[in-house]
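Before any comments, here is the structure.
Taken together, the values in this text are just the output of simple stated rules run on the coordinates, not laboratory data. Bear in mind the structure is a predicted one, so any value in this text is a computation, not a measurement. Here the Cβ positions follow ideal geometry from the backbone for every residue, glycine too, while neighbour counts run over all protein chains shown.
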Amino acid sequence: MAAGEGLRVAVIVPAYQAAATIEKVLAGIPAWVNAIYVIDDGSQDETAARVRATSDPRVRLLVHGMNLGVGDAMVSGYRHALRQGIDICVKMDADDQMDPSYLPDLIQPLVLGRADYAKGNRFHDLEALRGMPIIRRVGNAALSFLLKAASGQWHIFDPTNGYTAIHRAALGALDLTKLHPRYFFESSMLVMLGTLDAAVEDVPIPARYRMERSNLSIGRTLIEFPWLLFRYACLRVLWRYFVLDFNAVSLFLVCGAPLIAFGLIFGLYHWIDSVARNVLTPTGTIMLAVLPLILGFQLLLQALVLDIQNRPQRPLQTRPHDRASRPYQTANPADPRDRGEGPPSPRPSS
């Protein structure tokens, strides 16, 4: 039986300046995959020509007239997949760093109904980690905590991993126009899935690092990603605990944050005052600053523990109401992301 267990699976390959590797990537995709969408995102090299030259009837080439970013490229692929009745969409980059032999492992949580979205995690394999540049390891570790807070998916790691699979039930429930158009795409996907209470699962998959050069600017990532994730985290907390509901987490936040703010401001004021007057601060004054800090920290820590325990566990695909068809998922002929070329992918029997 095919790895998809009767479900139709498509691989979406966003490609930019990938002429050197795209043919190898396409050749490695297993035969049980039903459709392959390659999105040429404004490449100036021979990427599109190499794709057109392939003899694989499953391949469909979609062309962007200009470089719109990996997020917009994936939106093009997702829209076509939804229209063709694909059940599971896999994202595989065009740089040949994602091993296609792990495709069955990646989609297994979706096939078995355990999750709506699965993503690779390169940090499970210590041997493979040695091949990952050190700055990527440090950056991933630093960004993971912020992404956990922003998405509510506290059990996941390696947030920038682009080897992902999504079920139609979750894909159809997303507003694809709100996904980030460029390199924040994977993180914004996790954040939006968190707002839907979609179940997400990490799958141990090592990356293959060779001599490829990443188009992702590390400096830009360190500047832009933390701010975006912090903003999303604040919005998630406000929405989940003060708009949709008011529970113990809400109460702990309402009480803990003012206590910490009071302790910091009160303590800082009296510390500056004592330094300016060259006198010792009374013990009672110190305790008035320290006690609110300790109590506020304990309340926020308890709120964090409850938030971690409240992570999504029931997949959307197992819930009674099917939200896989929404008006904003239909194609817009004027949108450059919805224009493709080449024969449509066949519809093989499952």
**Study point:** Hz values of 3J(HN,Hα) by residue in segment 95-102 - Karplus curve (6.51, -1.76, 1.60), Gly and Pro given as x
**Key:** 8, 6, 8, 10, 6, x, 5, 8
Study note, to complete from the structure: For segment 9-236, percent of DSSP beta bridges that are antiparallel (nearest 5) comes out at 25 percent
Point to revise | Sites matching trypsin sites (Lys or Arg not before Pro) across segment 146-208 that sit in DSSP coil, with at most 14 neighbouring C-beta atoms within 10 Å | key: 208
Check your understanding: Relative to the present Cα-Cα distance, how much length would full extension add between residue 298 and residue 270 at 0.36 nm per residue of separation?
Key -> 7.7 nm
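Subtract the Cα-Cα distance of residue 155 and residue 305 from 0.36 nm times their separation in residues, and report this length gain in nm to one decimal.
Here the segment from residue 155 to residue 305 would lengthen by 52.8 nm.
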Exercise for review: Assuming R0 = 45 Å, can you tell me the calculated FRET efficiency for the pair residue 251 and residue 32, based on Cβ-Cβ distance, to the nearest 0.05?
Suggested key: 0.30
Practice item. Excluding residues on the same chain fewer than 8 positions from residue 148, give the lysines whose Cα lies under 20 Å from its Cα. Key: 119, 178
Review point. When you take every Cα atom in segment 130-184, what is the radius of gyration, and what is Dmax, the widest Cα pair distance, in Å?
Key: 13.3, 38
Exercise for review: Work out Dmax and Rg for segment 9-236 from the C-alpha atoms and quote the Rg first, both in angstrom.
Suggested key: 16.4, 49
